[in-house]
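Everything below concerns the one structure shown next.
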Amino acid sequence: QVLLVEAGGGLVQPGGSLTLSCAASGISFSLYAMAWYRQAPGKERELVAIVTRGGTTGYADSVKGRFTISRDNAKKTVYLQMTSLKPEDTAVYYCNADRLGDQRWGQGTQVTVSS
């Protein structure tokens, strides 16, 4: 059974930081590209950051310079370090694993940026 379990969401003030984690099981983690998506109320799900099997990273323009994605293949975990958070970063954040179109999703974790 494939499981992607996100953790680390919560309420944070503008300008604050959070680190999300996503622990995978049931897949050959190192063979998958891993990504974080987010979905705000009334909006479509959007790609936030991706890290390939080889460690190459990519980011949405809206988070470049503020968010960092990383992976630990030994722990089968992907992380999203988020700094300088803004109210517009408020969303449910989803972990995604993708290998040649075989996509898996986590259940999501809520991030709320508010004073």
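The values are calculated or read from the model by the stated rules, or taken from the named source; none is laboratory data. This one's a predicted model, so the numbers in the text were calculated from it and none came from an experiment. Every residue, glycine among them, receives a Cβ derived from its backbone with ideal geometry; neighbour counts consider all protein chains shown.
Points worth noting:
- Members of segment 32-55 found to be surrounded by 19 or more Cβ atoms within 10 Å (Cβ to Cβ), in contact (Cβ under 8 Å) with a residue 24 or more places away in the chain and over 14 Å from LYS76 (Cα atoms), listed by number: TRP36, TYR37, ARG38, VAL48, ALA49
- Any hit, segment 75-93, residues being more than 21 Å from LEU11 (Cα to Cα) and small (Gly, Ala, Ser): no
- Tally of residues being under 11 Å from the mean Cα position of the chain (by Cα) and either assigned to a loop (DSSP other than H, G, I, E, B) or modelled with pLDDT under 95 (or both) across segment 101-115: 2
- Single match in ARG45, ARG99 (criterion: among the charged types (D, E, K, R) and in contact with a helix residue (DSSP H, G or I) (Cβ under 8 Å, 6 or more places away or on another chain)): ARG99
- Elements of type strands (runs of 3 or more DSSP E) contained in segment 1-100, each with 1 or more residues being over 17 Å from SER114 (Cβ atoms): 3-7, 18-25, 33-39, 46-51, 57-59, 67-72, 77-82, 91-99
- Taking every residue in segment 87-115 that is surrounded by fewer than 11 Cβ atoms within 10 Å (Cβ to Cβ) and pairing it with any residue that is in a helix (DSSP H, G or I), at least 6 positions away or on another chain, the pairs with Cβ-Cβ distances below 8 Å are SER114/PRO87.
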